[in-house]
Amino acid sequence: MTYFQDCLILTFIYSLFLFPRFRAQGRKALLYKTGFFLYVGFVLYHTLFPVWNNLPDLFSHAYRPMNLDPFVDIIEGHSNALQEVVLNILITLPFGAAMNRIYGKGPGECILLTLIFSLSIELLQPLISTSRISDITDVITNTLGGAAGWYLAELLTRQRFRR
């Protein structure tokens with residue numbers, strides 16, 4: 001139930017603002033951009049939600065600053081550190097691919113947008129919840145994932161056109 005309000009708000013935003021715009025761009029744009037919106041919702045669900053339930057406590061706890069030691073968990077040998085790195089790369093592969101194929105962004109723009117997307121999430125996490133910490137390693141690996149997604153989409157597109 002704690003996530004329901006957040007999902008309802010995203011549904012409202014999509015229905016009122018995005019769906020009409022996507023539909024006006026044609027069926028293909030509607031399909032792809034709706035898929036991208038669902039993907040972003042999935043990422044937000046796993047990284048920031050619940051937001052709505054945490055709003056009353058937003059400024060009642062101390063903001064924990066970002067861990068600025070890159071890859072410290074791996075260096076210190078934490079058991080799930082490598083798994084987190086891999087998951088952070090995988091979660092932004094679709095973002096990079098969408099920037100390439102849906103939005104026509106170049107590699108530099110994709111890297112910048114992925115960096116902004118990841119940094120926004122990381123900076124909001126400790127503000128919204130006391131149980132979340134932001135980490136520079138996540139920003140780095142998310143950005144690498146977005147870049148890898150862009151290049152993977154480019155490679156697959158070029159291979160498809162060669163045939």
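Residues in the range 136-163 that are of a type in the set (Asp, Glu) and modelled with pLDDT under 95: how many? Before you say what the answer is, go through the steps one by one.
Let us first name the residues in the range 136-163 that are of a type in the set (Asp, Glu), namely 138, 154.
Of the ones still in play, those that are also modelled with pLDDT under 95 are none.
Residues that pass the stated criteria total 0.
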Do you know which of the residues in the range 115-140 that are assigned to a helix (DSSP H, G or I) and either without any contact (Cβ under 8 Å) to a residue 12 or more places away in the chain or of a type in the set (S, T, N, Q) (or both) is surrounded by the most Cβ atoms within 10 Å (Cβ to Cβ)? 118
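Residues of the range 53-79 being modelled with pLDDT of 90 or more and either surrounded by 14 or more Cβ atoms within 10 Å (Cβ to Cβ) or among the β-branched types (Val, Ile, Thr) (or both), which ones? If you could, list the steps in order and put the result at the bottom.
Taking the range 53-79 as the starting set, the residues that turn out to be modelled with pLDDT of 90 or more are 67-79.
Residues satisfying the conditions are 67, 70, 71, 72, 73, 74, 75.
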Could you look through the range 2-43, keep only residues that are small (Gly, Ala, Ser) and in a helix (DSSP H, G or I), and pick out the one that is surrounded by the most Cβ atoms within 10 Å (Cβ to Cβ)? 41
Looking at (1) in contact with an Asp or Glu (Cβ under 8 Å, 6 or more places away or on another chain); (2) in a helix (DSSP H, G or I), which is the only condition residue 49 fails? (2)
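For the range 141-155, how many residues meet the condition of being aromatic (Phe, Trp, Tyr) and crowded, with 24+ Cβ neighbours inside 10 Å? Even if it seems obvious, please write down each step before you answer.
Step one: filter the range 141-155 for residues aromatic (Phe, Trp, Tyr), giving 150-151.
Those still in the list that are crowded, with 24+ Cβ neighbours inside 10 Å too: 150.
Qualifying residue count, the range 141-155: 1.
The values are calculated or read from the model by the stated rules, or taken from the named source; none is laboratory data. Just so you know, these numbers come straight off a predicted model, no measurement behind them. As a convention, Cβ positions derive from the backbone with ideal geometry for all residues, glycine included, and neighbour counts pool all protein chains shown.
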